[in-house]
1. What percent does the relative contact order of the stretch 141-299 come to when contacts are Cα pairs within less than 8 Å and at least six residues apart?
2. Using the structure shown, select from Lys113/Lys148; Lys148/Lys310; Lys86/Lys110 the pairs with a Cα to Cα distance greater than 30 angstrom.
3. With angles folded into 0 to 90 degrees, how steeply does helix 188-197 sit against the dominant principal axis of the chain? Use alpha carbons for both and round to 10.
4. Using only Cα atoms, tell me the angle between helix 12-25 and the longest principal axis of the chain; keep it within 0 to 90° and round to the nearest 10.
5. Taking a ≥ b ≥ c as the square roots of the Cα gyration tensor eigenvalues, with a/c under 1.5 meaning rounded and otherwise prolate when a/b beats b/c, else oblate, which class fits the stretch 66-108?
6. Remind me, relative contact order of the chain in percent, using alpha carbon pairs under 8 angstrom and six or more residues apart?
7. Residues with amide H under 5 Å of Ser247's amide H, sequence separation 5 or more or different chain, H placed in the peptide plane at 1.01 Å from N; which?
8. Going by alpha carbons, how many degrees (0 to 90, nearest 10) lie between the helix axis of 301-311 and the longest principal axis of the chain?
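Every number here is computed from the coordinates shown, using simple stated rules; none is lab data. None of the values given here were measured: they were computed from a predicted structure. Don't worry about glycine lacking a Cβ; one is built from the backbone with ideal geometry, like all the others, and counts go over all protein chains shown.
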Amino acid sequence: MERILVIGANGQIGSELVDALAAQHGADNVIAADISPASLYGAKRYEVIDVLNADRLAAVAEQYQITQVYQLAALLSATGEQAPLKAWTLNMDGLLNILELARIRGAAGKPLKVFWPSSIAAFGPNTPAQNTPQYTVMDPSTIYGISKLAGERLCEYYFQKYGVDVRSIRYPGIISYKSPPGGGTTDYAIAIFHAALRGENYPCFLEAETTLPMIYMPDAIRATISLMECAADKLSIRSSYNVAGLSFNPRELALVIEQNLPGFAIHYAPDSRQAIAASWPQSLDDTVARQDWGWQPQVDLQHLVTDMLKNVQISPA
Ligand code: AKB
């Protein structure tokens, strides 16, 4: 029986992951945790945890005899640029605390499987942008991307040196409607739906032709859980796997929205996030994920748009 701790459970990915894991393992076996005292998503078991507090992590892991941890607490690319030191501390020390927890519990005969998200932000301006290979130049230019690349190296180090069973995906931009994203560069592809459903013209902070790798939340959750369920001896990568969903740019996305919602219009007002997006890949080669654990995306742009338009609950502008 698994006992699963999800840190960052109130966030965009965490909230949906908690539901998916609870459906699979039983609500009693999933402990949602976040820094805020209030659980936004009604998880049956909820703990207030600051991932920077190693003693608290150890106490909760022992209390529930945790066997798996998803460490999702982080500052993303755009907010990270507003507070680089805070982003570095949270992203790096948060991961290190979890890896250390897994090392210490593993040495005590209580193995802890770890999931930690990397990102397309770990790539940079000199990375080949088309069909970006699994192994290639990585020269991230944001503090978030630098923390992701360093984090990938730490994951592999802890696996090689201590046998920590850590697994990771380089998430593309994740699109979802259940809970808002927090401070990413790919967030335009969610905000655009809210504007469209409010009947507003959308002022896009990226340029029209800025193609980025994206993934719809159901595919992202499926990828994450499949990787965590895969037999350890099938995994050839302990840094982080490239995983592709689909790729599109703001103009292409707006066109499909307009086909479904005639009259919708977009205009372009690029800001500092344009430079971040321009340094990231446009599409990913995820052959290794497909070979190792059978990854296969299911959602195309048409499906994503119709599903988002059906489900987004409009937020204030
Ligand atoms: C961001 O835009 O910062 C994130 C990411 C691609 O990791 N969505």
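1. Reported as a whole number, the value is 32 percent.
2. Lys148/Lys310; Lys86/Lys110
3. The two axes meet at around 50 degrees.
4. Its long axis makes an angle of about 50 degrees.
5. Verdict is prolate for the stretch 66-108.
6. 18
7. Met214
8. Taking Cα atoms only, the helix is inclined about 80 degrees.
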